[in-house]
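A quick write-up on the structure given underneath.
The values are calculated or read from the model by the stated rules, or taken from the named source; none is laboratory data. Keep in mind that what you see is a predicted model, and the values were worked out from it rather than measured. Backbone-built Cβ (ideal geometry, glycine too); neighbour counts: all protein chains shown.
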Amino acid sequence: MWDIPKNIISILKRYTGEEKPTVKSPKDVRRMFANEFTEDEQTSILKWLKKNQSLIVSDILKGRGKFVAEWMLVAQKEIKNARWILKPMNFCMNYFGNGEIEITTRGNFKIGRITMQRKGGDGGRDTAKMLQFKINPAELFDI
């Protein structure tokens, strides 16, 4: 789908835990964190993410095909009041997806305001080895 080179696939598989870590004494024996990869591997994945940034952000937020999302609706329930906001998807893609590609101090990836991390938390099931992309949609209320 994103035409991912084999070396990037290997990095992502070690990051999610599909493949075992290749470093001695990893922080987590099940997987590797982004800051545990070699400098060359970190440079490779960051360069690949930058090259494919717009496609990745579009697929994450908008999707593809006949059910592509054109709008983002955010509803927030507070104790006494509720509020909502409706924004065009292209605005949201620019807001969340534009920005630097970087490795966080916790060993995850940031694509603009989107955090890419290992899903985890599935009680040891294989679904924990998937990638998870996270945003804070409530930020749209403040812009």
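In the condition set (1) within 20 Å of the chain's Cα centre (by Cα); (2) more than 25 Å from Lys87 (Cα to Cα), Thr22 is compliant with all but (1).
Scanning region 56-76 for residues that are closer than 14 Å to Cys92 by Cα, of a type outside the set (Ser, Thr, Tyr), out of contact with any Cys (no Cβ under 7 Å at 6 or more places or on another chain) and part of a helix (DSSP H, G or I) yields Ile56, Val57, Asp59, Ile60.
Out of contact with any strand residue (DSSP E or B) (no Cβ under 8 Å at 6 or more places or on another chain) and either within 30 Å of Arg31 (Cα to Cα) or not basic (Lys, Arg) (or both): does that describe Asn81?
On the way: out of contact with any strand residue (DSSP E or B) (no Cβ under 8 Å at 6 or more places or on another chain): yes; either within 30 Å of Arg31 (Cα to Cα) or not basic (Lys, Arg) (or both): yes.
When the stated conditions are applied, Asn81 passes them.
Against the test of being aromatic (Phe, Trp, Tyr), surrounded by 13 or more Cβ atoms within 10 Å (Cβ to Cβ), assigned to a strand (DSSP E or B) and touching a strand residue (DSSP E or B) at 6+ places or on another chain (Cβ under 7 Å), the options Phe96, Phe133 yield a single qualifying residue, Phe133.
Name the residues in region 100-116 that are under 23 Å from Val74 (Cα atoms) and either among the charged types (D, E, K, R) or at pLDDT below 95 (or both), would you?
Here is the first cut: in region 100-116, the ones under 23 Å from Val74 (Cα atoms) are 110-116.
Matches in region 100-116: Lys110, Arg113.
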